[in-house]
1. Where Rh is the Kirkwood radius over the Cα pairs of the stretch 103-209, the temperature 10 °C and the viscosity 1.306 mPa s, what D in µm²/s does Stokes-Einstein return?
2. What is the gain in length, in nm to one decimal, between Thr386 and Asp436 on full extension, counting 0.36 nm per residue of separation less the C-alpha to C-alpha distance?
3. What whole number of Å gives the distance from the Cα centroid of the stretch 257-322 to the Cα centroid of the stretch 401-445?
4. How about Lys154: which aspartates and glutamates have a C-alpha closer than 18 Å to its C-alpha, ignoring those fewer than 8 places off in the same chain?
5. Where nothing but the Cβ of Lys and Arg (+1) and of Asp and Glu (-1) is charged, how large is the charge dipole of the stretch 348-499 around its Cα centre, in debye to the nearest 20?
6. In percent, what relative contact order does the stretch 131-199 have, based on Cα pairs under 8 Å that are 6 or more apart in sequence?
7. When Rg is the radius of gyration of the Cα atoms in the stretch 155-259 and Rh is its Kirkwood radius, what does Rg/Rh come to?
8. In the chain, carbon and sulfur make up what percent of the accessible area (probe 1.4 Å)?
Amino acid sequence: MTAENATAYASGESTEAKSALMNRRHFIRQTAFAAAACGLPLRARCDSAEQSEKAEKNGASLAAESIRKFASDLAGNVITPNNAEYDGARSIFNLAFDRRPALIVRCAGRSDVARTLDFAQRYNLPLAVRAGGHSRPGYGICDGGVVIDLSGMKRVEIDPGKRVAHAQAGALVRDLDEATHRFGLATTSGGCPTVGIAGLTLGGGEGRLMAKYGAACDNLLSAEVVTVDGRRIEASQTSNADLFWAIRGGGGNFGVVTALEYRLHPVGRVLSGALNYPPGRIPELLQAFGQFIAGAPDEMDAFVQVSQSERGPRLKIDFCHLGDPQTGNDLIRPLRALNPQDDSVKVMSYLEAQAAGGFLLAPVAHFQTNRFLPELSGASVSAITTAINHAPATCRVVIVALRGAISRVSATDTAFALRQPGYEVDIVGTWNASADKAAAVRWVQTTGDALQPFAHGVYVNQLGDTSEQLVRSAYGPNYARLVDIKKKYDPTNVLRLNQNINPDSLPN
């Protein structure tokens with residue numbers, strides 16, 4: 001409730017007046033807390049200048065005292081705008097966002113997470129959860145609220161005998177890959193080394209091993225979750241199975257995941273690299289890629305990038321083949337016959353292949369959306385070609401083939417519903433100068449609209465825009481069940497800074 005509404009309600013009946021006064025005090029207290037934490041003056045509306053000054057003084061004092069008491073109970077540390085590390089702590093991968101939280105809580109363990117959840121709710125402050133900081137819509141940070149920062153919780157332990165990894169939720173893809181690589185093991189993880197494994201897995205989790213071993217969420221054995229009421233619970237097939245189903249694709253809607261347990265697989269040296277083609281021939285090359293993927297075994301992963309250059313649109317195909325290198329080279333021979341300009345495909349360790357990264361390697365301002373295409377039809381290829389011909393120089397289309405093991409799971413077995421073989425098409429616009437933002441965003445939106453007639457769903461992890469319609473599209477037949485589970489674990493939608501599953505979005 002705003003202070004204006006509280007003032008208006010105070011003129012009604014006595015019961016309403018009491019309620020309004022309580023709400024106004026809550027508003028002043030909340031605003032004072034955020035203002036004091038940010039080092040800003042409070043300007044809440046009151047009945048007089050004297051009341052305003054008194055409320056500001058009392059509220060700021062309450063906030064400072066509350067912050068000190070809160071911080072003293074933590075094993076981790078609290079970062080406020082007055083700390084030298086504040087600007088670094090609030091920065092995220094998508095530089096399009098410049099948000100200023102009141103508090104960043106660098107948690108040291110699950111107890112810190114529980115205390116922070118309680119603190120944010122007590123003051124009714126916005127709450128963001130950050131692990132790797134790669135959220136496309138910038139949800140790992142917020143204005144004027146509290147950030148649960150898990151980046152200090154990144155321990156990874158490997159049980160090579162059981163082929164299991166235990167990882168804290170602040171670990172990045174490179175942390176997990178480096179730990180498993182020592183034992184010749186790996187699990188499906190993201191294509192960029194600095195992506196957080198928690199957000200990746202909770203949204204589904206595409207990666208180089210998904211055709212052979214499934215999505216990241218398919219390899220999740222269990223997770224430790226702190227619920228919004230501060231309970232620590234385990235989610236697995238045998239414990240809180242409904243929650244385990246939901247967090248495998250449903251994102252951070254149901255609780256704060258603080259640790260994850262993964263199934264591992266033997267992965268040694270791989271054939272990896274890229275074929276870069278000269279400008280032009282985009283329809284021909286996309287059709288060739290579709291034919292290649294249709295006949296490829298599960299051991300072969302490949303994705304396409306189509307981007308602009310000074311000489312026109314260019315296409316690149318990235319590969320990662322498990323198993324015998326000669327077999328891999330034989331598979332890609334038809335694509336080599338199409339005369340690539342550069343050929344970097346060679347044998348390397350899986351860790352080296354992962355370190356090469358995906359299509360966005362360094363923090364940059366960007367806007368992104370995606371569409372899932374069941375096939376690369378002539379019409380969809382034509383739409384992609386037309387779009388890239390008119391793309392700003394910093395824009396691109398990335399086409400990720402979903403097939404093999406990831407598509408042999410039922411759409412309702414996990415919350416992650418993209419189980420039909422097809423292509424996840426990411427449409428990305430980046431910019432270095434603010435003057436270029438509008439053109440990049442407009443191109444992404446226009447391209448998404450052009451592909452919509454051929455689309456059947458979206459991938460929630462690659463959405464830079466948010467709407468209930470898009471979220472419903474991401475979860476398809478699973479949406480109603482996700483709403484029910486949200487109502488059970490987060491009925492008041494405390495965890496709403498995400499691709500949100502609103503507990504009130506469906507009738508009772």
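The values are calculated or read from the model by the stated rules, or taken from the named source; none is laboratory data. The shown structure was predicted, so the numbers you read here are calculated from the model rather than taken from an experiment. Backbone-built Cβ (ideal geometry, glycine too); neighbour counts: all protein chains shown. Ligands, DNA and RNA are excluded from the accessible area calculation, which covers all protein heavy atoms including side chains. Shrake-Rupley method; radii C 1.70, N 1.55, O 1.52, S 1.80 Å.
1. Numbers: Rh = 14.6 Å.
Result for D is 109 µm²/s.
2. Details: separation 50, 0.36 × 50 = 18.00 nm, distance 2.05 nm.
Fully extending the segment from Thr386 to Asp436 adds 15.9 nm.
3. Computed from Cα coordinates, the inter-centre distance equals 15 Å.
4. Within reach: Asp112, Asp175, Asp177, Glu178, Glu224, Glu261.
5. On the way: 13 positive and 11 negative charges, 69 e Å.
My answer is approximately 340 debye.
6. On the way: 101 pairs, mean separation 25.0, N = 69.
Value for the stretch 131-199: 36 percent.
7. Numbers: Rg = 13.0 Å, Rh = 13.7 Å.
Rg/Rh: 0.95.
8. On the way: 10350 of 21180 Å².
That fraction is 49 percent.
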